[in-house]
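In what follows, a single structure is set out as structure tokens and then discussed.
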Amino acid sequence: MIRHVIAAIATILALWASYHMYALDKQVHKLQEIHRVIKASEIKVHLQKPTIIKEDVQADNKAAAEKQLKSKNKELDDKLQALRNKAGNAAAFKVSKLYKQNCSSCHGVNGRGIIGPNLVGKSKEFIIKQLKDFKSGKRRNYVMYGLLQKMDDEKLNKLATEISTFKEKWDKYNNQ
Ligand code: HEC
């Protein structure tokens, strides 16, 4: 009888031990996996960053050099992020076909002005008045006069409404 009890206890102990071995093994595997993922992401981050040239780092002791390297890295990260934002913003700043075809060549696709003045931040009322004055010749400008002859009030209204939203749009996309 007692032998049976001992045998049973031994079996239980053996099972318990092998279960623990299994659990430990799993944990080691998990750690290896985490390590692998970290390594892979390090490589990726490294590839995205331009390498810093040695001459850029002009510090005579190691700690200062590392600090400088870190701040340079941060600078690059910020620049990269700013570029990404800009690229996204330029694509996101959509204008109507009417504006793009008739006005953007001189006032810019975003209304910031090229040959013509900046239109961003000007109110709808102001813009519509200028357009009507240009069209009637009250405000003299040959370019704007000629251009607006073929446009009816509805189009002028549409354009003024659209342009008056440029500021909000511009601010929104630049704060993303
Ligand atoms: C060929 C170039 C050109 C095109 C195209 C053009 N503009 Fe202009 N625009 C100008 C110039 C130059 C002025 C400045 C005129 C002045 O100061 O007398 C101006 C002035 C204006 C003004 C007055 C701005 C202010 O601050 O007084 C508005 C509004 C305007 N344009 C809207 C438009 C709209 C809307 C379109 C499209 C339908 C358009 N423009 C197309 C050249 C252009």
Going by what's in this entry, would residue 83 be described as modelled with pLDDT under 80 and either away from the ligand (no atom under 16 Å from the Cβ) or part of a loop (DSSP other than H, G, I, E, B) (or both)?
yes
When you check residue 68 against the structure, is it modelled with pLDDT under 70 and on the phi < 0 side of the Ramachandran plot, yes or no?
no
Identify, from the list 139, 112, the residue that is in a loop (DSSP other than H, G, I, E, B) and at pLDDT 95 or above.
139
Which of the residues belonging to region 144-171 are closer than 15 Å to residue 101 by Cβ and in a loop (DSSP other than H, G, I, E, B)?
150, 151
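The values are calculated or read from the model by the stated rules, or taken from the named source; none is laboratory data. What you see is a predicted model, and the numbers here were worked out from it, not measured in a lab. With ideal geometry, Cβ positions are generated from the backbone for all residues, glycine too; neighbour counts draw on all protein chains shown.
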